[in-house]
Amino acid sequence: MRARDTLENPSLRTESLVALGTIGALTAGSAAVGARASRGGGSQLWYKRLRKPPFQPPGRVFGPVWTVLYGLMAFSAWKVWNRPAGPRRSWALLLWGAQLGFNALWSPLFFGKHRQRAALVDLGALGVSLAAYTAVSSQVDRQAAWMMAPYLAWVGFAGALNEEIVRLND
């Protein structure tokens with residue numbers, strides 16, 4: 001489906017807007033789970049007491065970075081959704097949902113349950129599902145795949161940071 005087709009067909013335009021709203025709500029839900037877990041139940045004090053590596057960014061960096069990443073993530077999925085239906089598109093969207101689930105799980109594991117090792121395993125699964133989504137989505141919409149590059153880089157950095165926190169606090 002081309003963008004022009006969507007603009008010219010009110011039914012397709014409505015479906016596309018519903019998809020955008022759904023993808024946006026799912027993405028916002030994942031972000032809300034992470035925000036709640038990182039702010040609740042003494043997580044801030046626990047986190048402040050952890051030894052952290054020297055490459056730990058200041059706390060004020062995380063909000064803007066995640067805002068951009070979540071926006072790119074949602075827009076990428078919406079672009080894939082707007083392509084013609086087929087097995088690759090379905091597979092890409094399934095993988096997008098999987099990475100979103102792993103994304104939502106990380107903060108409750110790390111901040112909520114204080115299980116840094118389990119959070120590191122989750123980041124590994126997130127990285128695999130994210131790389132798979134990126135590879136499959138590149139066959140559906142190359143721009144959508146490229147939108148995931150900053151997120152892939154950030155997940156790699158987050159993995160190194162998480163691993164170092166585990167090592168420093170054993």
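Coordinate-derived values only; no laboratory data. None of these values were measured; they are calculated from a predicted model. Neighbour counts run over all protein chains shown; Cβ positions are idealised from the backbone, glycine included.
Mind listing whichever residues of the range 59-117 are among the charged types (D, E, K, R) and assigned to a helix (DSSP H, G or I)? Listed by number, the residues that qualify are R60, K79, R88, R89, R117. Scanning the range 33-47 for residues that are crowded, with 16+ Cβ neighbours inside 10 Å and under 11 Å from the mean Cα position of the chain (by Cα) turns up at least one hit. Taken over the range 34-58, the criterion of being touching a residue at least 24 places away in the same chain (Cβ under 8 Å) and either in contact with a Pro (Cβ under 7 Å, 6 or more places away or on another chain) or not in a helix (DSSP H, G or I) (or both) is satisfied by A37, G40, G41, L50, R51, K52, P53, F55, Q56.
Scanning the range 91-126 for residues that are buried (at least 24 other Cβ atoms within 10 Å of the Cβ) and in contact with an Asp or Glu (Cβ under 6 Å, 6 or more places away or on another chain) yields a total of 1. For the range 136-151, the criterion of being touching a residue at least 40 places away in the same chain (Cβ under 8 Å), buried (at least 20 other Cβ atoms within 10 Å of the Cβ) and under 22 Å from P57 (Cα atoms) is met by at least one residue.
Of all residue pairs spaced 6 or more apart or on separate chains, those with beta-carbon atoms under 6 Å, a first member in the range 70-94 that is within 11 Å of Y133 (Cβ to Cβ) and a second member that is of a type in the set (G, A, S) are S76/A144; V80/A92; V80/S137; V80/A144; A92/S137.
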